Structures are given as structure tokens and as C-alpha cells.
Amino acid sequence: MSSEPPPASATPSTEELSADLSAATISKKQLNKEARKAAKAAKADKAGKAEKPQAEEEDPFAANYGDVPVEEIQSKAVSGRAWTDVGDLDEAAAGRSVLIRGSAQLFRPVSKKMAFVVLRQCMSTVQCVLVASADAGVSTQMVRFAASLSKESIVDVEGVVSIPKEPLKATTQQVEIQVRKVYCINRAIPTLPINLEDAARSEAEFEKAEQTGEKLVRVLQDTRLNYRSIDLRTPANQAIFRIQFQVENKFREYLASKDFIGIHSPKLISGSSEGGAAVFKLQYNGQPACLAQSPQLYKQMAICGGFGRVFEVGPVFRAENSNTHRHLCEFMGLDAEMEIKEHYFEVCDIIDGLFVAIFKHLNENCKKELETINRQYPFEPLKYLEKTLKLTYAEGIQMLKEAGTEIDPMGDLNTESEKKLGRLVKEKYGTEFFILYRYPLAVRPFYTMPCYDDPAYSNSFDVFIRGEEIISGAQRVHTPELLRKRAIECGIDANTISSYIESFSYGAPPHGGFGVGLERVVMLFCALNNIRKTSLFPRDPQRLTP
């Protein structure tokens, strides 16, 4: 009997047929699925290949644009290229190739082949035109690159100056740059904390928008100051600080022409400059000290040192907790001191000539800046006389009394009274700049000389612009005995200013002087509503940064 298994049947069983059919069906489904997947991939690949030449096509003009690597601007080399200021671009430059650098203020893509970019440099703006053209060396990729830049990025542009067919309204310069090359030196972040366009709006624009129902972003003062480096880029701010520079420069120039010598006094002192408690106290190598409230003591000592006439431009510190529109804890003081031959009106005469010269200079030489400020912060030009009006304090009090305002004749004027007196003087005398003199002694610093005919009054004065005080001045006490007596009467420890008092015992001429806040002068000349607008980085009781 054989033990071998029976031979396999040539005909498959029903189970085997069923299993094979099932497997074949699955394989067919998998095959179809894979086919569909492959077809889809092929289609996508085909589409990708169709797009690839356009997106990744090698740009023959790639060298004409792009982001400049940091190492290229780390003072790597001196190229000898000539740069042109945006403000110098005019019709005379038409047809000339120029290289400019500025901040990208505005982008306006027109199409894939054309875009406009407005570059700003200081107070000047110019429109740059990019048009894709092989002849110009400009590709569509270059146009796209320019349009992709973020606002306020620093950009270099090379191109040819041309004259547009129509006058340009959005730029200061009435020419265009036909761009040939554009490079980004430094990209700004895509979303800025404040927009320049919002920060530069005037109140009139807000009123117009309100009437039409349009909502505009209003950038508040604290926000402006928090991001001051952006806020300073507005046209009005650029103009304000150019005006401020001109005031300071004219102050130096005029006084130098009158034989004044510029000095620099210490700001770390052992005792109060003005009397009172409004000083910033600190420790100076283990001993108490404070920041100077003014250069008062030292400019007087300079007069005792034989300089005759001195002036100083420097920081002044006041620890007063005054959160008003016109007070700062640190401001720039313009101070002067001079010998007096006969009368302290000699000092008033210097002030008269100085400020009339400053006002004339600003009106004649800073028209562009004043117009720029006026666009955002409209104001009427300051009214002043060729010969500055002088009124006694008693006359000022009488004018207020006749207008219905009662003031203590031996007290000081408050802000409201100053403004009202300013309006009265303007109506009666046609000036917004005047000198009020012969103040009560009780409201003046300890070093102020009393009047010869009535020691209740002093040889002192204040100067006003638009109803606000900008200058305090006086004849000084120049005898050590009277100076020590006055210091004690005003509550000042004479020992803390002993070297100052002693300087007058070595022989001191009669003298007087004044101090003025630079920021306040600019604020009032331009009729601005807050002194923080004229301080680059204001320091008030609430702000120590940025």
C-alpha cells in the first residue's frame, strides 16, 4: 500500500477560486489607487514644472537688487561712490544718474511690472518708479522685491532723475527717480508700533474724517513718547527740532557778537542754586549733593573772575512735581550774565535785541520748517515790536484789576493771570512779547538785588511770549554781607554756598543776567500746546524713559 499523498487535482476547488478572485479584486483596487495617485502626482509635477521657470527662472538682473549682507556695511571698504541728498533733487538734476539712501515711507504696486516707492530723508521725500524693462536692467522679480519691503526700511536706490508729466502731491521733491538698482540696507519689522501716517495727522484731518464717518487712528502723546524714535520722523517733529537748533544757534551767535564768552558750569553741586527744596539729591563720594537748578552761582562767579559777559547753554534740573503743559524736570537752559555799568535795563536791552533777532531769523530763514509745523499744528505768527515793550509789575497788576481780575499786589502771577495779562497787552499794545519788571522781592530768588527806593520790590523782570513766562532775570546782589543775609532770610544754609558768597568779597562788579528755557521758547513761538513736543526725550515727574 503506497504512503505517498494523492496527486493534486488539476481543477481548483471552490474555496481556492473564491480566494484567488478576492485577491485579484484587491490587487486591482490597489493598482487603481496607485494609478490614480501616480496620475495626480504627475499632474502636480507637470503643473510645478510649468510654474517653475517663472518662479525660479534665473534673473539676469539679480545683482541689481536684494538685501545687503551685514558684513558689506561693516565699514568693509570705501567705494568712492557719490551720494545725493534727497532735498537736493530738482529739475536741474533731470537726466542725471544719482545714488540716494532713505527710509521707505510708501509703496504702491501698480502691476507685476510696475511699482512706486516713496523714499524719505529727513524732511524731504522723493518718488521712485520701478518699471520692468530689459533695457533698464529691471526685472519683474526686482519690482516684486521692492514691493515686498516693509515700511521704514532703510533703502539705497540708484537711478536716473526725470520730470513727471503731472505735479506730485505726495512728495516734497517735484522729480522722480527711474530706478535701476535697489538694495535694502536694513529691514524694519513688518508691523510698527505706530504708523508715521497716523502720527503726522493734523486736527483738521480728524475733524474732516469725523464729519464723513471715517475712523482714523489718533496717536496719543504717551504712545508717541514711548516710541519717540518713530514719532520724531514726522515732518512736524523734524521741523520743530530744526527750529530749536536755530534758536540755540542764534542765541550763541548774537551774544558772541556782543562780547559774551561761552562757559560750562558744573551740574553736580553741594547746595541749592535757587533756594527751596526742589532739587534732585544724590550722594557724591559719600557726601550729600544735588543736581544744579541753574548755572546761576557759577556764571556770577565767572563775572567775579573778570570775564565781563558770559553765557551758557546746558541742562537744568528741577525736582518740582509739576505735571503741566510747560514744566519739565530737565530742560535746556539758555543763561547769560553781564556786568552792569548803571542800570539793570542794560540786561533788558540785551534781551530785547537778542529775541527780536531770533524772531526775525526764524521768520526769514526757516519758512519751510514753520510751514511744515503749521500743517500739523496750525498757529498764527508771533506778534512783536521792534523795540520791546516794558511794563512795571504794578502796571500789569492794574491792567488785570481793571479787567476784573484781583491779584495780590505783593504776590506772584499764576498761570491764568499770566495768560490774561498776555491777552490784555496784545489788545492794547499789539505785541505778544513784552517785559514785566520791578517784581516784589518776596517772590524772587535770594540773590536778587532789592530796589533802591523800596526794599519790598526788586530790580528784577520776567519776559513773556503769548501770555506765558519764558525768562526770569534781575540785577544780582554783589556784596557778601547782603548776599549772606538774603540767603538766610530765604531759608538757605549759607555754609553750603560759602565759596559762592566768598567770591564776592574779593571785589565784584555790579552785574545782572537772565535764564530762559529753550524748549519753552520754541513751544511758544510755534504756539504748541505742550512742552513735551519741543523736548527730544522729555523728562517729567512721570517719565524717565526712553
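Just the residues that are in a loop (DSSP other than H, G, I, E, B), among the basic types (Lys, Arg) and under 26 Å from Pro538 (Cα atoms), please, taken from the stretch 191-237. Even if it seems obvious, please write down each step before you answer.
Step one: filter the stretch 191-237 for residues in a loop (DSSP other than H, G, I, E, B), giving 191-195, 200-202, 213-220, 227, 232-234.
Okay, now just the ones that are also among the basic types (Lys, Arg), so 201, 215, 218, 233.
The answer is Arg201, Arg218, Arg233.
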**Message:** Could you check the stretch 150-180 and list, in sequence order, the residues that are open to solvent by less than 20 Å² (accessible area, probe 1.4 Å) and part of a strand (DSSP E or B)?
**Reply:** Val155, Asp156, Val157, Gly159, Val161, Ile177, Val179
**Asked** Quick one: what pairs do we get from the stretch 387-412, first residue in contact (Cβ under 8 Å) with a residue 12 or more places away in the chain, second outside any loop (DSSP other than H, G, I, E, B) and open to solvent by 60 Å² or more (accessible area, probe 1.4 Å), C-beta under 6 Å, 6+ apart or different chains?
**Response** Leu389/Tyr429
**Message:** Six or more apart or on different chains, Cβ atoms under 6 Å: show the pairs whose first residue is in the stretch 349-365 and in contact (Cβ under 8 Å) with a residue 60 or more places away in the chain and under 20 Å from Arg466 (Cβ atoms) and whose second is assigned to a helix (DSSP H, G or I) and aromatic (Phe, Trp, Tyr).
**Reply:** Leu354/Tyr254; Ala357/Tyr254
**Item:** Per-region count, the stretch 414-438, residues over 32 Å from the mean Cα position of the chain (by Cα) and either over 13 Å from Thr388 (Cα atoms) or at pLDDT below 95 (or both)
**Value:** 4
**Message:** Give me the residue from the stretch 83-136 that is closer than 17 Å to Ile185 by Cβ and not hydrophobic (A, V, I, L, M, F, W, C) and, out of that set, surrounded by the fewest Cβ atoms within 10 Å (Cβ to Cβ).
**Reply:** Asp85
**Request:** Mind counting the residues in the stretch 380-400 that are open to solvent by less than 30 Å² (accessible area, probe 1.4 Å) and within 18 Å of Ala236 (Cβ to Cβ)?
**Result:** 1
**Request:** Determine whether Ala188 is under 28 Å from Trp83 (Cα atoms), open to solvent by less than 50 Å² (accessible area, probe 1.4 Å) and in a helix (DSSP H, G or I).
**Result:** no
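Of the residues Glu481, Glu489, Glu502, which single one is within 14 Å of Phe446 (Cα to Cα), surrounded by fewer than 21 Cβ atoms within 10 Å (Cβ to Cβ), without any contact (Cβ under 8 Å) to a residue 24 or more places away in the chain and not hydroxyl-bearing (Ser, Thr, Tyr)?
Glu481
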**Request:** Any chance you could count how many residues in the stretch 435-472 are out of contact with any Pro (no Cβ under 8 Å at 6 or more places or on another chain), among the small types (Gly, Ala, Ser) and surrounded by 22 or more Cβ atoms within 10 Å (Cβ to Cβ)?
**Result:** 1
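The rows are residues; the columns are (1) surrounded by fewer than 15 Cβ atoms within 10 Å (Cβ to Cβ); (2) under 25 Å from Leu370 (Cβ atoms); (3) out of contact with any strand residue (DSSP E or B) (no Cβ under 6 Å at 6 or more places or on another chain); (4) in contact (Cβ under 8 Å) with a residue 40 or more places away in the chain.
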position	(1), (2), (3), (4)
Ser202	yes, yes, yes, yes
Glu210	yes, no, yes, no
Val219	no, yes, yes, no
Leu225	no, yes, yes, yes
Asp231	no, yes, yes, no
**Fill in**
Residues in the stretch 120-145 that are touching a strand residue (DSSP E or B) at 6+ places or on another chain (Cβ under 7 Å), farther than 15 Å from Asp59 by Cα and touching a residue at least 60 places away in the same chain (Cβ under 8 Å) total 1
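Step by step: first the residues of the stretch 55-85, then only those that are hydroxyl-bearing (Ser, Thr, Tyr) and more than 22 Å from Gln178 (Cα to Cα), then the one that is modelled with the highest pLDDT. Which residue is that?
Step one: list which residues in the stretch 55-85 are hydroxyl-bearing (Ser, Thr, Tyr), which gives 65, 75, 79, 84.
Next, only the ones that are more than 22 Å from Gln178 (Cα to Cα) stay: 75, 79.
On the way: Ser75: 94, Ser79: 90.
So the residue we want is Ser75.
This table checks each residue for (1) surrounded by 14 or more Cβ atoms within 10 Å (Cβ to Cβ); (2) modelled with pLDDT of 95 or more; (3) over 27 Å from Leu362 (Cβ atoms).
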site: Val247; (1), (2), (3): yes, yes, no
site: Arg252; (1), (2), (3): yes, yes, no
site: Ile263; (1), (2), (3): yes, yes, no
site: Gly271; (1), (2), (3): yes, no, yes
site: Glu274; (1), (2), (3): yes, no, yes
site: Ala277; (1), (2), (3): no, no, yes
site: Gln296; (1), (2), (3): yes, no, yes
site: Phe317; (1), (2), (3): yes, yes, yes
site: Gly333; (1), (2), (3): yes, yes, no
**Request:** Could you tell me whether Lys419 is closer than 19 Å to Gln398 by Cβ and surrounded by fewer than 18 Cβ atoms within 10 Å (Cβ to Cβ)?
**Result:** yes
**Fill in**
When (1) open to solvent by 30 Å² or more (accessible area, probe 1.4 Å); (2) small (Gly, Ala, Ser); (3) without any contact (Cβ under 8 Å) to a residue 60 or more places away in the chain are applied to Ala494, the one that fails is (1)
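The values are calculated or read from the model by the stated rules, or taken from the named source; none is laboratory data. A quick note: this is a predicted structure, and the numbers were derived from the prediction, not measured. Methodologically, a virtual Cβ is constructed for each residue, glycine included, from the backbone with ideal geometry; neighbour enumeration extends over all protein chains shown. Heads up: the accessible areas ignore ligands, DNA and RNA and are worked out on the full protein's heavy atoms, side chains in. Shrake-Rupley method; radii C 1.70, N 1.55, O 1.52, S 1.80 Å.
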